[in-house]
Amino acid sequence: MIACPLCNPGLEIALWRDEQCRVILAGSAEHPAFCRVVWHAHVGEMSDLPPNHRSDLMNVVWAVEAAQRELLRPRKINLASLGNQVPHLHWHVIPRFDDDAHFPDSVWSASRRAGIPHEVDAARLAALLTDMLRQGLGRGRPDLEL
């Protein structure tokens, strides 16, 4: 069996977590506020969860989207739950801008242009997103071990 990178994460910037899921900052210079909402238990599909857990997970996804919209004012937010390469339930929440290398295609598509790398203070971005998620979702459980 292949080790799951979401069950056994390496270094990651956790912005918020509770007993069921966590929000991590997975950004790069091209997409600095790219976040993932990761379900802790190893399941592959939304339909593997009972309805109340599906709702809980989507509320976290929507809170991340709302925080990104308020903080960054992107042109669009992309939401994706693929799992083709990592079959562990997680959602990508990706703010998109006209000047990114892939826009209007997905971030996984071939680049259309060079794009403009964003010089972002990752620690400050993480702190701002964490504060906004705590406002929208409650404090969460920063003390939880994953």
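The values are calculated or read from the model by the stated rules, or taken from the named source; none is laboratory data. Worth saying up front: this structure is predicted, and the values here are computed from it rather than measured. Methodologically, a virtual Cβ is constructed for each residue, glycine included, from the backbone with ideal geometry; neighbour enumeration extends over all protein chains shown. The area values use the complete protein model at the heavy-atom level, side chains included, leaving out ligands, DNA and RNA. Shrake-Rupley method; radii C 1.70, N 1.55, O 1.52, S 1.80 Å.
Below are the figures for this structure:
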| item | result |
| --- | --- |
| Extension gain from V120 to Q20, taking 0.36 nm per residue of separation minus the Cα-Cα distance | 33.1 nm |
| Probe 1.4 Å, all protein chains present, accessible-area order of R124, R22, largest first | R124, R22 |
| MRE, 222 nm, helices only [DSSP H, n ≥ 4, -39500 (n - 2.57), over the chain, to nearest 500] | -9000 deg cm²/dmol |
| Mean-position separation - Cα centroids, the range 35-64 and the range 101-115, in angstrom | 27 Å |
| Cβ-isolated cysteines (cut-off 4.7 Å), the chain | C21, C35 |
| For the chain, accessible area per residue (1.4 Å probe, heavy atoms of protein chains only), Å² | 57 Å² |
| Accessible area of the range 8-146 belonging to carbon and sulfur atoms, whole % at 1.4 Å probe | 49 percent |
| Ellipsoid semi-axes in whole angstrom, largest first, where each is sqrt(5λ) of the Cα gyration tensor of the range 3-93 | 21, 16, 12 |
| Excluding exposed DSSP-loop GluC sites (Glu not before Pro) (at most 11 other C-beta within 10 Å), longest clean stretch of the chain | 46-118 |
| C-alpha long axis of helix 51-72 to longest principal axis of the chain, angle in ° | 30 degrees |
| Principal-axis tilt of helix 122-137 within the chain, Cα atoms, nearest 10 degrees | 50 degrees |
| L11-R112 FRET efficiency (beta carbon distance; Förster radius 35 Å; 0.05 resolution) | 0.70 |
